[in-house]
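Student: If you scroll down you'll find the structure; I have some questions about it.
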Amino acid sequence: MEPDFWHARWEGKLIGFHEGKANAFLVKHFSRLPVAPGARVFVPLCGKTRDIAWLLGEGFRVAGAELSRIAVEELFAELGVVPQVSAEGALTRFSAPGLDIFQGDIFALTRDILGPVDAVWDRAALVALPKDMRARYAPHLVTLTDAAPQLLVCFVYDQSLVAGPPFSVAPDETRALYGADYMVAEIEAVPVAGGLKGQCPAMEHVWLLERA
């Protein structure tokens, strides 16, 4: 999606994708990733997700990338933390103990700027992007994180019935995007209660991606 789309969503508070508590799949499955407290977890296109508070509370360090400055400022406000703010090339870095959020275009984020990552939690990034951008995003994420193990959530539904985002990402596409770098294993698939946006049946698929 174009940046203006997401800026308008945050400015208008049209953020139905935001969950008010930690994601259930994160809580249930994060222990499957081969990381221990103290590890650094990357959350791409993080918004102001409560998943970050959960990860911090579990003793992990967190790095995130987010386009909207509004989202980042609200994230820190809701955490009750005043960040240090600095320029990082085309990005702005918001930092606090155990937490770094890089605000701006994720494609401007480099491995040198991001720093080492031990795991990735992607609930809302891949599904936020149309297919052509997903084909660009997946290899960029692999490079950014040096193919760190990943827990990934995707929606699967009839894209002709509902316009994304979130977009439908079929299992075959997930395997095609990541199969060259990871062992890709589906660990859960459940129907979306009430359907996607209440308009059509949908499934959520949870994937564990480990280095091939």
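Student: Scan Y182, Y157, Y178, Y137 and give me the residue that is of a type in the set (F, W, Y) and over 27 Å from L55 (Cα atoms).
Tutor: Criteria check complete, one pass: Y157.
Student: On to the next question. Name every residue in the stretch 168-212 that is charged (D, E, K, R), touching a residue at least 24 places away in the same chain (Cβ under 8 Å) and not in a loop (DSSP other than H, G, I, E, B), in order of residue number.
Tutor: Passing the criteria: E173, E188, E204, E210, R211.
Student: Search the stretch 151-167 for residues that are closer than 23 Å to L26 by Cα and pair each with any residue that is of a type in the set (G, A, S) and crowded, with 18+ Cβ neighbours inside 10 Å when their beta-carbon atoms are under 7 Å apart and the residues are at least 6 apart or on different chains.
Tutor: F155/S168; F155/A202; V156/S168; V156/A202; Y157/S168; Y157/A202; P165/A128; P166/A128
Student: Separate question: Just the residues that are at pLDDT 95 or above and farther than 18 Å from A148 by Cα, please, taken from the stretch 53-67.
Tutor: Answer for the stretch 53-67, where residues must be at pLDDT 95 or above and farther than 18 Å from A148 by Cα: A53, W54, L56, G57, E58, G59, E66.
Student: Something else: So, in the stretch 27-47, of the ones that are more than 11 Å from the chain's Cα centre (by Cα) and more than 21 Å from V142 (Cβ to Cβ), which residue ends up least open to solvent (accessible area, probe 1.4 Å)?
Tutor: Selected residue: G38.
Student: Residues that are farther than 28 Å from F167 by Cα: list the strands (runs of 3 or more DSSP E) wholly contained in the stretch 51-124 that include at least 3 such residues.
Tutor: By residue number, 84-88, 91-96.
Student: Next up: Which of the numbered conditions does I101 fail, given that it passes all the others? Conditions: (1) touching a Phe, Trp or Tyr at 6+ places or on another chain (Cβ under 9 Å); (2) surrounded by fewer than 15 Cβ atoms within 10 Å (Cβ to Cβ).
Tutor: (2)
Student: Here's another thing I want to ask about it. Scan the stretch 116-145 for residues that are over 20 Å from A193 (Cβ atoms) and either open to solvent by less than 30 Å² (accessible area, probe 1.4 Å) or in contact with a Phe, Trp or Tyr (Cβ under 8 Å, 6 or more places away or on another chain) (or both) and report the count.
Tutor: 20
Student: In the stretch 71-98, how many are open to solvent by 20 Å² or more (accessible area, probe 1.4 Å), under 23 Å from H140 (Cα atoms) and aliphatic (A, V, I, L, M)?
Tutor: Within the stretch 71-98, residues that are open to solvent by 20 Å² or more (accessible area, probe 1.4 Å), under 23 Å from H140 (Cα atoms) and aliphatic (A, V, I, L, M) number 2.
Student: How many of the residues in the stretch 146-165 are open to solvent by 30 Å² or more (accessible area, probe 1.4 Å), within 23 Å of C46 (Cα to Cα) and in a loop (DSSP other than H, G, I, E, B)?
Tutor: The number of residues fulfilling the criteria is 2.
Student: Show the residue pairs that are 6+ apart or on different chains and have beta-carbon atoms under 8 Å apart, the first residue being within the stretch 113-135 and under 16 Å from L26 (Cβ atoms), the second being assigned to a helix (DSSP H, G or I) and of a type in the set (D, E).
Tutor: W121/D51; R123/D51
Student: While we're on this one: Can you run down the residue pairs with Cβ atoms below 7 Å, 6 or more apart or on separate chains, where the first is in the stretch 54-70 and open to solvent by less than 10 Å² (accessible area, probe 1.4 Å) and the partner is assigned to a helix (DSSP H, G or I) and among the aliphatic types (A, V, I, L, M)?
Tutor: Between residues of the stretch 54-70 that are open to solvent by less than 10 Å² (accessible area, probe 1.4 Å) and residues that are assigned to a helix (DSSP H, G or I) and among the aliphatic types (A, V, I, L, M), the close pairs are V62/I52; V62/L55; V62/L56; A63/L114; G64/I52; A65/I106.
The values are calculated or read from the model by the stated rules, or taken from the named source; none is laboratory data. Note that the structure is a prediction, hence the values are computed from the model and not measured. All Cβ positions, glycine included, derive from the backbone under ideal geometry; neighbour counts span all protein chains shown. Only protein heavy atoms, including side chains, enter the accessible area calculation; ligands, DNA and RNA are left aside. Shrake-Rupley method; radii C 1.70, N 1.55, O 1.52, S 1.80 Å.
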